[in-house]
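Before any comments, here is the structure.
Any read-out appearing in this document is the output of simple, stated calculations on the displayed coordinates, not a laboratory observation. As the structure is a computational prediction, the values presented were derived from the model and not from experiment. Cβ sites come from the backbone with ideal geometry, for glycine too, and all protein chains shown count toward neighbours.
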Amino acid sequence: MNLHYFLKHALPAVICCLILASCSSPKVHVSKLLVNGTAFPKSVAILPFTMEENIKEEELPHIIFREVFFNNFSYLGYDDMPLDEVDQKLHHAGVQIENASKLRYRELREILGVDAVIRGHILEANNFTGGLHAETLMHAKLDMMDLITGNSLWEADHTEMAYSGIASPTIVDIIQEQVENAKVKLAYHKNAEMFSQRILSQIPDPAGKRLGEVRLPKISSIDTNIRPNQKLQPDDSIYVSLRGQAGLTATFDIGSWKTSIPMKEISPGVYTGSYVVKAGDKVLSAFIIGTLKNKKGLASKKYYKTALATIER
């Protein structure tokens with residue numbers, strides 16, 4: 001096979017396979033108790049994530065992944081224990097970080113005082129930049145364990161891969177992507193962000209079940225002008241509309257990249273807001289998340305799941 005034939009015919013097929021592999025849906029098994037709402041825990045702690053010994057510890061993928069997952073998980077309707085509080089309680093109990101996920105559920109409940117914990121273990125993590133391509137890969141398993149019964153409420157197994165370089169339209173794009181990918185911690189952060197969003201999109205949100213209990217503000221719908229596979233450019237606008245209870249404070253987030261963008265109530269219960277893309281902005285596949293908060297500080301959040309925001313320089 002000559003080079004010209006490969007570039008024209010074989011290479012596009014290779015690229016498509018890589019894209020499909022990186023966008024595959026995670027394997028998530030959710031307990032029936034969680035699906036029907038009879039076993040929703042109220043308070044949750046995310047234990048320190050662990051990883052295989054052959055992964056480079058100095059690159060900190062387990063720490064980065066835990067922090068990113070917590071930031072995304074906090075949008076769901078649980079009472080989340082801050083990560084530093086989790087670590088302090090484990091430390092005071094004499095538990096080594098790497099052994100926390102091995103403790104029995106009764107021990108964890110006594111130490112942390114929460115209803116459930118999330119455990120994460122990275123099976124594979126690598127970042128490579130060279131030649132005409134760059135890639136970041138993370139394969140991990142996560143689960144939520146009920147600390148009252150010891151039962152698993154959900155389990156997830158997923159491989160997230162970000163691949164760039166060969167498919168880029170220009171040499172400038174290739175160089176820019178490789179420079180960014182060479183920043184290993186940043187590359188892992190972006191990978192963990194997408195990983196977390198894919199997992200959480202398949203996990204039931206207890207916010208609706210808790211409306212009567214804590215009287216959370218009610219959001220009936222959220223909509224944006226973003227469409228699937230759309231790539232936003234400088235001066236493009238992201239418009240967001242949210243419907244819910246009237247007379248409250250509404251904001252929206254673009255993933256964890258840009259948060260608390262103000263929205264205005266244009267008619268009772270109808271809120272709108274926008275963000276104009278600026279030169280230099282860059283976001284890869286971020287959820288648009290609307291928030292409605294009352295005067296007591298209680299807030300509800302709702303994801304727009306039809307499309308993800310992608311901003312290219």
Subtracting the Cα-Cα distance from 0.36 nm times the residue separation, let me have the gained length for K185 to E52 in nm, one decimal. 46.1 nm
At a Förster distance of 22 Å, what's the computed FRET efficiency of E85 paired with K293, Cβ-Cβ distance as r, to 0.05? 0.45
Spin-label model distance (nm) - E67 vs S201, 7 Å beyond Cα toward Cβ: 2.5
Violating pairs (Cα-Cα greater than 31 angstrom) within the set K102/K305; K231/K302; K27/K295: K102/K305; K27/K295
Bin all alpha-carbon pair distances of the range 198-313 at 5 Å intervals from 0 and give each bin's fraction as a whole percent. 2, 12, 22, 23, 18, 13, 7, 2, 1
Length gained if S25 through S260 is fully extended, taking 0.36 nm per residue and subtracting the Cα-Cα distance, is 81.7 nm
Between V270 and S237, with labels modelled 7 Å along Cα→Cβ, what's the label distance in nm to one decimal, could you check? 1.6
Given points 7 Å out from each Cα along the Cα-Cβ axis, report the Q96 to K305 separation in nanometres with one decimal. 4.1
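Given a Förster distance of 35 angstrom, what is the FRET efficiency for T159 paired with S43, based on the Cβ-Cβ distance and rounded to 0.05?
FRET efficiency, T159 to S43: 0.70.
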